[in-house]
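Note sheet for the following structure.
The values are calculated or read from the model by the stated rules, or taken from the named source; none is laboratory data. Everything numeric here is computed off the predicted structure, so don't read it as measured data. When we count neighbours, we look across all protein chains shown, and the Cβ atoms used for this are built from the backbone with ideal geometry, even at glycine.
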Amino acid sequence: MKFKLYDSVKKEKLDFTPIKEGEVSIYICGPTVYDDAHLGHARSALSFDLLRRTLKELNFKVTLAKNFTDIDDKIINKLKKSNQTLQELTEYYINRYLCDMDSIGVQRADIEPKATEHIEAMESMIDTLLKSGYAYKLDNGDIYFDSTKDSKYGSISNMVIDEDATQSRLENIDGKKDPKDFALWKSCKGDEDICFDGLMPSGRPGWHIECSAMIAKHFNGDDNYCIDIHCGGADLLFPHHENEAAQTRCSLNKEIAKYWMHNGFVQIDGEKMSKSLGNSFFLKDALKIYDGELLRFYLITIHYRNDFNFNEEDLHASKKRLDKLYRLKKRLYGGKASKPNSNFKNELLEAMSDDLNSSKAFAIVDEMISNINETLDKEPKNRALKQEALANIEFIGSLLGVGCKDAIEWFQQGVSKEDKEKIETLIAKRDSAKNKRDFELADSIRDELKSMGITIMDTADGTKWEKL
């Protein structure tokens, strides 16, 4: 089965052909770790988690890297307001990010490079650019990339030709030769600066250089490309990815990536999510209210390249849709899986192989649920179908990352800790009454639970309950 992806640079859907047969190298631009993860981080992570899962199901050997920017102006500004060291602050937010991603089912990257651990690699790349004339030093010690020396500058984003549109994204610094030039190295300016001493003058790297250096260090590629697929949010296409491509091209004499993939923006009730607008939605706050798998399901039902409008009404509708999968799983409770239906598996893989068409994939899942329920209504003892259905659900979990939880526990969401303790106590009393053959008491406890909005089910593993 051929995998097709939409290349953000060529702006067309292409058949994917890896640099090395059977292997795929992927690099994702990760977070700048000065604050908690927001829905934009979640959307990007989920989009390319689907990419990795799909390629693995297509039997590719996948190596995925996602970096952490742990030195940056925003981080330095945050440090000024805290009593923490750079490592303490960044490690705290890295761990928070990873925990949040775990909650929504994002698999950990194979390589998780940090900027501060790759200073030497960045300095070496900058030194190469200086010596070859692609970079220059300002009077204040800063080092800039000379965009005019790169004949292909602008080929990634196709945005720099429109000077008015891009000017707001470009720094105006005295001594820069061209507005499009960008910082490779920032020299130390005062006692509050965080500085590194090595091949370059005392200072710290610019933002763009870290990804180029990390990719060069961790991936071999071939004579034409460093990696197969470079991923990130649409907001990174310019200037970040444009600048990455330029400095890699000019220092290594090859392109940084063979393919580029970018996910769409996250909006909240129609507004692009931005801290400057004051409507940034932290993932940690959503996780306090909603189950992580529900958030995952909601965020991946819309195609990754489309902008996503986050609102609670649609989220509640997604809960009802995902409930249907868990109701089928509950109907099959206690059974054993066999093998997924080959037609269902192929249809699902074909959808995801078409540029991660998750919308189509979930439509196929909906149809599968409906068809199996309809057949089981007519043939409730069809053991082979039940085993196949469980295997289908397991495959959904492997490919899409949903339907992975215990079906009974799924329907216990929204019940407080205190109420859970009360329910468990009543169930224990009912079990005791049943063992004593006091069925009148057992029935009265069932009625009491029902009045609380709780239904119970006796299984081989004991009494299970759910919220109606």
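Before moving on, here are some points about what is shown:
- Residue check, LYS80 in contact (Cβ under 8 Å) with a residue 24 or more places away in the chain and farther than 26 Å from PHE238 by Cβ: yes
- Taken over segment 373-425, residues that are assigned by TED's automatic domain parsing to the domain that holds PRO340, of a type in the set (A, V, I, L, M, F, W, C) and more than 35 Å from the chain's Cα centre (by Cα) amount to 2.
- SER370 vs. criteria at pLDDT 95 or above, under 25 Å from the mean Cα position of the chain (by Cα) and either surrounded by fewer than 20 Cβ atoms within 10 Å (Cβ to Cβ) or part of a loop (DSSP other than H, G, I, E, B) (or both): no
- Test: residue in segment 417-435 that is modelled with pLDDT under 85 and either assigned to a helix (DSSP H, G or I) or crowded, with 17+ Cβ neighbours inside 10 Å (or both): yes
- Some residue of segment 306-317 being at pLDDT 95 or above and more than 30 Å from LYS13 (Cα to Cα): yes
- Scope segment 401-412; condition in contact with a strand residue (DSSP E or B) (Cβ under 7 Å, 6 or more places away or on another chain) and either in contact (Cβ under 8 Å) with a residue 60 or more places away in the chain or crowded, with 18+ Cβ neighbours inside 10 Å (or both); matching residues: ILE408, PHE411
- Filtering segment 262-281 for residues that are in contact with a Pro (Cβ under 7 Å, 6 or more places away or on another chain) and modelled with pLDDT of 95 or more leaves an empty set.
- Segment 373-397, residues that are in a helix (DSSP H, G or I), touching a helix residue (DSSP H, G or I) at 6+ places or on another chain (Cβ under 7 Å) and free of Cβ contacts under 8 Å to residues at least 12 places away in the same chain: THR375
- The residue pairs whose first member lies in segment 439-463 and is touching a residue at least 40 places away in the same chain (Cβ under 8 Å), whose second member is polar (S, T, N, Q), and whose beta carbons are closer than 9 Å, counting only pairs six or more residues apart or on different chains, are MET457/THR463.
- Considering the conditions (1) at pLDDT 95 or above; (2) touching a Phe, Trp or Tyr at 6+ places or on another chain (Cβ under 6 Å), MET214 is excluded by exactly one of them, (2).
- Criterion: buried (at least 19 other Cβ atoms within 10 Å of the Cβ), hydroxyl-bearing (Ser, Thr, Tyr) and either in contact with a helix residue (DSSP H, G or I) (Cβ under 9 Å, 6 or more places away or on another chain) or outside the structural domain of SER103 (by TED's automatic domain parsing) (or both) - qualifying residue of SER342, SER353: SER353
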